[in-house]
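This structure is in C-alpha cells; I'll ask about it shortly.
The values are calculated or read from the model by the stated rules, or taken from the named source; none is laboratory data. Given the structure is predicted, the values throughout are model-derived calculations rather than measurements. We place every Cβ from the backbone using ideal geometry, glycine too, and count neighbours over all the protein chains shown. Accessible surface areas use protein heavy atoms only, side chains included; no ligands, DNA or RNA. Shrake-Rupley method; radii C 1.70, N 1.55, O 1.52, S 1.80 Å.
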Amino acid sequence: MRAVEDHARGRLISDAPVARAVPVALRYDPGFSPATVRFVLPGGIEWSFPRALLEDGLREPAHRGDIAVWPCGRVQTVVEFHGEDEVAVVQFDNAALRRFLEHTYAAGASSLTTR
C-alpha cells in the first residue's frame with residue numbers, strides 16, 4: 001500500500017487585513033486508515049477527518065465533528081478546524097485539493113492491484 005503526501009499552500013484566514021500563506025502537508029495512508037485524510041498545519045498541528053468530508057465540501061458545505069469544509073467561489077475551498085482552544089480557517093485552491101484526492105484514489109487502486 002502506498003502512502004500519499006502532497007503539499008499545498010493555504011491562506012490562513014484571520015482578523016488580520018491580509019490572509020497569511022501557510023504550507024500544509026496533505027497526507028493519506030491507506031494502510032493506516034483508507035477512509036481518512038490528514039492535514040498538517042505549521043507547528044505540527046495535525047487534523048484527521050474522513051476523505052468523504054473533503055470530497056463533499058468541494059461541492060457543497062459539509063460538516064462533521066470539529067471540521068467544516070465548503071466551497072468559496074468557483075476556484076477555492078475553505079476548511080475550518082475547531083480545537084479546544086483555537087479555530088483555524090484555511091482557504092485552498094480547489095486544484096490542489098482535487099489533485100490530492102486523485103492521488104489518494106490512485107494509491108487505493110494500486111493497493112488493490114498488488115494483492
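Of everything in region 4-15, what is touching a residue at least 12 places away in the same chain (Cβ under 8 Å), open to solvent by 60 Å² or more (accessible area, probe 1.4 Å) and either outside any strand (DSSP E or B) or closer than 15 Å to VAL37 by Cβ (or both)? Give them in sequence order.
Once the filter is applied, which keeps residues that are touching a residue at least 12 places away in the same chain (Cβ under 8 Å), open to solvent by 60 Å² or more (accessible area, probe 1.4 Å) and either outside any strand (DSSP E or B) or closer than 15 Å to VAL37 by Cβ (or both), region 4-15 yields GLU5, HIS7, SER14.
Listed here are the residues, each with its yes/no results for (1) at pLDDT 95 or above; (2) touching a Leu at 6+ places or on another chain (Cβ under 8 Å); (3) more than 19 Å from ALA96 (Cβ to Cβ).
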position: GLU5; (1), (2), (3): yes, yes, no
position: ARG9; (1), (2), (3): yes, no, no
position: PRO17; (1), (2), (3): no, no, yes
position: ILE45; (1), (2), (3): no, no, no
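Restricting the search to region 47-69, which residues are without any contact (Cβ under 8 Å) to a residue 40 or more places away in the chain and more than 18 Å from GLY83 (Cα to Cα)?
ALA52, ASP56, GLY57, ARG59, GLU60, PRO61
Still on this model: Anything in region 23-37 that is modelled with pLDDT under 95, in contact with a Gly (Cβ under 8 Å, 6 or more places away or on another chain) and open to solvent by less than 70 Å² (accessible area, probe 1.4 Å)? List them, or say none.
Correct list: PRO30 only.
In addition: Provide a single number: the residues in region 66-85 that are touching a strand residue (DSSP E or B) at 6+ places or on another chain (Cβ under 7 Å) and either surrounded by 15 or more Cβ atoms within 10 Å (Cβ to Cβ) or not hydrophobic (A, V, I, L, M, F, W, C) (or both).
Total satisfying the criteria: 12.
Does any residue in region 96-108 that is closer than 12 Å to LEU58 by Cα come within less than 8 Å, Cβ to Cβ, of a residue that is open to solvent by 10 Å² or more (accessible area, probe 1.4 Å) and part of a helix (DSSP H, G or I) six or more places away or on a different chain, and which pairs are these?
LEU101/ARG51; LEU101/GLU55
Do you know which residues across region 45-65 are more than 12 Å from the chain's Cα centre (by Cα) and either of a type in the set (Phe, Trp, Tyr) or open to solvent by 60 Å² or more (accessible area, probe 1.4 Å) (or both)?
Passing the criteria: ILE45, ARG59, GLU60, PRO61, HIS63, ARG64.
Can I ask one more? Looking for whichever is among the aliphatic types (A, V, I, L, M) and modelled with pLDDT under 90 here; the options are VAL87, VAL79. Which one fits?
Going through VAL87, VAL79 in turn, the sole match is VAL87.
OK, next. Could you list, in sequence order, the residues of region 2-40 that are under 14 Å from VAL78 (Cα atoms) and under 15 Å from the mean Cα position of the chain (by Cα)?
ALA8, ARG9, GLY10, ARG11, LEU12, VAL22, VAL24, PHE39
Can you tell me how many residues within region 86-102 are open to solvent by 10 Å² or more (accessible area, probe 1.4 Å) and touching an Asp or Glu at 6+ places or on another chain (Cβ under 6 Å)?
Total satisfying the criteria: 1.
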